[in-house]
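Structure first, then comments.
The values are calculated or read from the model by the stated rules, or taken from the named source; none is laboratory data. Note that the structure is predicted; figures quoted are calculated from it, not measured. Reconstructed Cβ throughout: ideal geometry from the backbone, glycine too, with neighbour counts over all protein chains shown.
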Amino acid sequence: MPTPKYFQECPPFPADTPVHDLPTVSFLALKAGDTKESERLYEACRAWGFFLLDLRESEDGKTLLQDAEKMYDLTRETYSLDQSILDEYAYNPPYDLTGYKQKGKLKTDDGKMDCMELYSINQDDMMGNRPTRKYIDTIEHNRSDVVQFIQHSHAAISVIMSRLDEQLGLPPGTLNALSPLDQVSETSVRLLLTESQSTPQYDTITLGGHTDIGTATLLFHVIGGLQILPAGKENKMENWSYVKPEPGFALVNLGDTIVEWTGGLLRSSLHRVITAPGEQATVPRQSLAYLVRPRNSATMNRLKGGVIPLLVEGEEDETRSVTEWAAWRSKQVIAGELKAQTRGGYPIVPAQTAV
Ligand SMILES: O=C(O)CCC(=O)C(=O)O
Ligand SMILES: [Fe+2]
């Protein structure tokens, strides 16, 4: 969540809306290698696959909040352009998700259509890992700010990955080597927008329930509407819990790929966006996500070492490349063959027989 400027501009999150208190982890303590904080991080990644990252006390954290604020300004500028200009940069699903997606292109859990506009910026285009696509003018004019946001977001995720290596008992650098900044991947920055509603329909699903497919996501939001389905709960309206955006924090969630790599020890949780609560529904809702995907040359193979469970009899390793696996998963979701659900967070089984 960006610095307080954007929070001050919008109506408050209603005090009487029930929220789910997610674990909070200090970026400063994680960077310093504090063991207790690393354990809290690990617990949060196993139980929830979601936590709030407190960026306030660290200098790098504060810089990242300022970078996020610039991305918020960029989002505002981009969506104030004419619809016809935005449409010139339309994304090309399922092959290429980079570019602009109008609202109403994705099915939500209740069979209706989504209400979220999004513009995906590909990390490789910004970092020079491949010949770049042409972006809408607002983004072209602010490339250096986007690059800075990517570099600082990636650095924050790297600290988290290093601490997870330690907790999982993996050799240092294992997780970071799978999602480096200088290799081609599907990593992206998403600028998201939902229109305001003059007569709010509070049960409208803006973006359907999903897990993120990649390694991890850093999310900056100001207005409510994001909900999580706690593990083990049925996908019914009353089981979803709101997360309250807090100034000075980023929300971090793990994706399906890291769940596969860790043999299900870590969790990716189902989340969605619905109409913002109370008066917040009457103003536009912006959000900003940095979605880390593994390098395209990686595979989905389970990692070996530390507390990662060994394959047991009857279990097969997932040997597909990350790109093949992602394409297969998207096809399954589109065909309705795979219901989006919380994955991983399995208990550690001490005695195992390798195959
Ligand atoms: O807008 C939000 O709060 C969440 C967006 C999200 O879940 C995503 O982009 O994957
Ligand atoms: Fe998501």
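Overview of values
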quantity	calculated
First in the range 52-63 and within 17 Å of S38 (Cα to Cα), second anywhere and among the β-branched types (V, I, T) and part of a strand (DSSP E or B), Cβ under 6 Å, 6 or more apart	L52/T24; L53/V25; L53/V252; D54/T24
Candidate set: the range 206-226, residues that are touching a Ser or Thr at 6+ places or on another chain (Cβ under 6 Å) and at pLDDT 95 or above; chosen: the one farthest from ligand 1 (Cβ to nearest atom)	T215
Pick from the range 1-56, criterion under 24 Å from Q286 (Cβ atoms) and among the hydroxyl-bearing types (S, T, Y), ranking: surrounded by the most Cβ atoms within 10 Å (Cβ to Cβ)	Y6
Test for L181: is it modelled with pLDDT of 95 or more and not in a strand (DSSP E or B)	yes
Of all residues making up the range 194-208, the number that are in a loop (DSSP other than H, G, I, E, B) and in contact (Cβ under 8 Å) with a residue 12 or more places away in the chain	9
One residue from L229, L251 being at pLDDT 95 or above and either hydrophobic (A, V, I, L, M, F, W, C) or under 30 Å from R295 (Cβ atoms) (or both)	L251
Whichever residue in the range 266-290 is under 15 Å from the mean Cα position of the chain (by Cα) and charged (D, E, K, R) and, among such residues, is farthest from ligand 1 (Cβ to nearest atom)	R267
Q341 polar (S, T, N, Q), assigned to a loop (DSSP other than H, G, I, E, B), at pLDDT below 90 and within 24 Å of L118 (Cβ to Cβ)	yes
Helices (runs of 4 or more DSSP H) lying entirely in the range 100-178 (those with 2 or more residues that are modelled with pLDDT of 95 or more and of a type in the set (G, A, S))	143-168
Strands (runs of 3 or more DSSP E) enclosed by the range 209-324 - at least 3 residues per element that are of a type outside the set (S, T, N, Q) and within 16 Å of ligand 2 (Cβ to nearest atom)	216-221, 249-254, 271-274, 285-292
